[in-house]
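Below: the structure, in structure tokens.
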């Protein structure tokens, strides 16, 4: 699975990736049952519509014989869910704590986050946070 993610990055389908969700808990606590791996990505594509398409990710996977089931890529039999940086920021803000808030601001500072989409995610999940335009 990690080889496929590295190939995706090396092929410029994604700029960067990070593993998230329950899989990352393995680094910090007792293992919990999970059936998928969440992958947070930074895409190269920019859009003015406020919605970022993951079509290039799914097209890349299909061209290499990787099955797609719903929103998951089935990499070596493991369902891998790809989500954008807006969800990564929202999860960090929801988790709370000074260090997580600091990490949440990093993608905002480097311009990899669609702020309108992030605000919609925060509103949808009732996560209290102010996202200014000038950060």
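In segment 7-22, the residues that are closer than 16 Å to residue 63 by Cα reach residues that are assigned to a strand (DSSP E or B) with C-beta atoms within less than 7 angstrom, at least six apart or across chains, in these pairs: 9/16; 9/17; 14/41; 14/42.
Of all residues being under 16 Å from the mean Cα position of the chain (by Cα) and assigned to a helix (DSSP H, G or I) in segment 55-75, which is surrounded by the most Cβ atoms within 10 Å (Cβ to Cβ)? Just the residue, please. Among them, the one singled out is 57. Listed conditions (1) touching a residue at least 12 places away in the same chain (Cβ under 8 Å); (2) over 22 Å from residue 44 (Cβ atoms) are all met by residue 100, apart from (1).
The number of residues in segment 76-96 that are surrounded by fewer than 16 Cβ atoms within 10 Å (Cβ to Cβ), under 25 Å from residue 2 (Cβ atoms) and without any contact (Cβ under 8 Å) to a residue 24 or more places away in the chain comes to 2.
Entry remark, segment 101-135: residues being in a loop (DSSP other than H, G, I, E, B) and under 9 Å from residue 89 (Cα atoms) number 1 in total. Scanning segment 97-116 for residues that are closer than 26 Å to residue 34 by Cβ and either exposed (fewer than 12 other Cβ atoms within 10 Å of the Cβ) or modelled with pLDDT of 85 or more (or both) turns up 97, 99. Determine if segment 18-31 includes at least one residue that is modelled with pLDDT of 75 or more and in a loop (DSSP other than H, G, I, E, B). Scanning segment 18-31 turns up no residue that is modelled with pLDDT of 75 or more and in a loop (DSSP other than H, G, I, E, B).
The values are calculated or read from the model by the stated rules, or taken from the named source; none is laboratory data. Please read all numbers here as calculations on a predicted model, not as lab measurements. Note that each Cβ is placed from the backbone with ideal geometry, even for glycine, and that neighbours are counted across all protein chains shown.
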